[in-house]
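Asker: Pasting a structure here, questions to come.
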Amino acid sequence: MISGAVLKQTAVVAAPVDTPLAELARRAATDDLAFRELYDRIKRPLFTFIFRMVGHMGEAEELMQETLLKIHRNLGRLRADESFLGWCFTIARNTAISHLRRRRAPLDPIDSVPEPVEHEAVHASAEVTADLQKMLLNLPPKYRSVFILGVLEQREYAEIAKIMGKSLAAVKADIHRARGMVREQWVRTRGPVVLGGGET
Amino acid sequence: MMTCQDALERLSAYLDGETSPSDRLDVDAHLQRCDGCRRELDILLSIDADFRRNLPAVEPPPEVFAQVIQELGRGRGHVAWWRLGWAAAGMTAMLLVGTIGYRQYDRYRDEQAIVKQIDQYKPPERVSNVFSTARYKQNENPFDYGRSTARQNPFHVPPAGVQVQVVSNGGGR
């Protein structure tokens, strides 16, 4: 069972700080330095999302460029009351989904696993990472995107609803369904190892 | 009292802290007395932890931003063809409007000049002798006997050596 305090702490950590981002976004349309700063603030969550969606480093880089160009060109359309990061996720999600619809060829497995970040290399082996990424890629794109945003990125449901253009209830149902699909795969491949190893 | 099915349907939102306070209390109470649902919660917690630990955030390579900046710079330096098209169309439209406007103004000026001339025109006094203005209007020289005057002037005496051809008028006189 989870205590309320732990959940609350998680929610606070996951909450995006958007006020300075919104100010940067207003300047970034004409100021390259502001755009650079903006990029430094959003690159990690945005690129991670795109990469987890497509599972291919080369494609993720191209889609990241496409997303950034769309963001820059549409900065003027950003509403004052809109969450900037959420808006960026919407663009990234639409770009990734369009790409997945166009894509016909299967993924190259060698290129599909990223090099782990240095300080986390101790925990993550390439094989485990590949297994989990494969489970993600087995999900239909709409469930994949909510799983990444809800479980990996730990975004609030209300924000995910805005990103996806859905109701809160629909997002709740989609994340529940996505967790169920991942659970089936996970218990088959990773479950006994992790549960038996005293991970919980 | 919450059933297992109700609890399982709420576990995902419960994990994410997205249930209502009353639902949270109900799920808490159910988990305290149901080993099966508690086990299910443990599995879901393990999955979340496994994914978050082994699928870390990924940093994009520096080339990504460099290429974006390059692309944006190219966009600023390069004028898109459709912008050029609009500029050309705008200039053509301005030229057309200018030409038509000038021609209209020129015509108006000419008309005004004509109106002025008409306003200032004084008709000539009437002349009622045999060499009336009617003849001048026909652009004829009344002293040119060799042409049409001979037929119109009944008192005409042709000069010596001039042959006059008399045309019959059908005997109407």
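Only the coordinates and a few stated rules stand behind these numbers; no lab work does. Since this is a predicted model, take the numbers as computed values, not measurements. Because the Cβ atoms are built from the backbone with ideal geometry, glycine has one as well, and the counts that use them run over all protein chains shown.
Asker: Here are some pairs, A:LYS70/A:LYS172; A:LYS43/A:LYS134; A:LYS134/A:LYS166; A:LYS142/A:LYS166; which of them have Cα atoms lying more than 20 Å apart in this structure?
Answerer: From A:LYS70/A:LYS172; A:LYS43/A:LYS134; A:LYS134/A:LYS166; A:LYS142/A:LYS166, over 20 Å: A:LYS70/A:LYS172; A:LYS43/A:LYS134; A:LYS134/A:LYS166.
Asker: Amide H to amide H under 5 Å from B:VAL58: which residues, 5+ apart in sequence or cross-chain, H placed 1.01 Å off N in plane?
Answerer: A:THR48
Asker: To the nearest Å, what is the center-to-center distance of region A:148-193 and region A:53-98, using C-alpha atoms only?
Answerer: Measuring centre to centre over Cα atoms gives 20 Å.
Asker: So, one more: Calculate one ³J(HN,Hα) per residue across region B:40-49 by plugging θ = phi - 60° into the Karplus curve 6.51 cos²θ - 1.76 cosθ + 1.60, and present them in order as whole Hz with x for glycine and proline.
Answerer: Karplus values, whole Hz, x for Gly and Pro: 4, 4, 4, 4, 5, 5, 5, 4, 4, 5.
Asker: Quick one: 3J(HN,Hα) in Hz for region A:169-174, Karplus 6.51/-1.76/1.60 with θ = phi - 60°, rounded, Gly and Pro as x.
Answerer: Here the 3J(HN,Hα) series is 5, 5, 5, 4, 5, 5 Hz.
Asker: For A:THR90 and A:LEU33, FRET efficiency with R0 = 30 Å and r from the beta-carbon atoms, rounded to 0.05?
Answerer: It comes out at approximately 0.75.
Asker: Compute the length gained on full extension between B:ASP6 and B:GLN112: take 0.36 nm times their separation in residues and subtract their Cα-Cα distance, giving the result in nm to one decimal.
Answerer: That works out to 28.8 nm of additional length.
Asker: HN-Hα J couplings of region A:31-48 from phi, Karplus 6.51/-1.76/1.60, θ = phi - 60°, integer Hz, Gly and Pro as x?
Answerer: Residue by residue, region A:31-48 yields 10, 5, 5, 5, 5, 4, 5, 4, 4, 4, 7, 10, 4, 5, x, 5, 5, 4 Hz.
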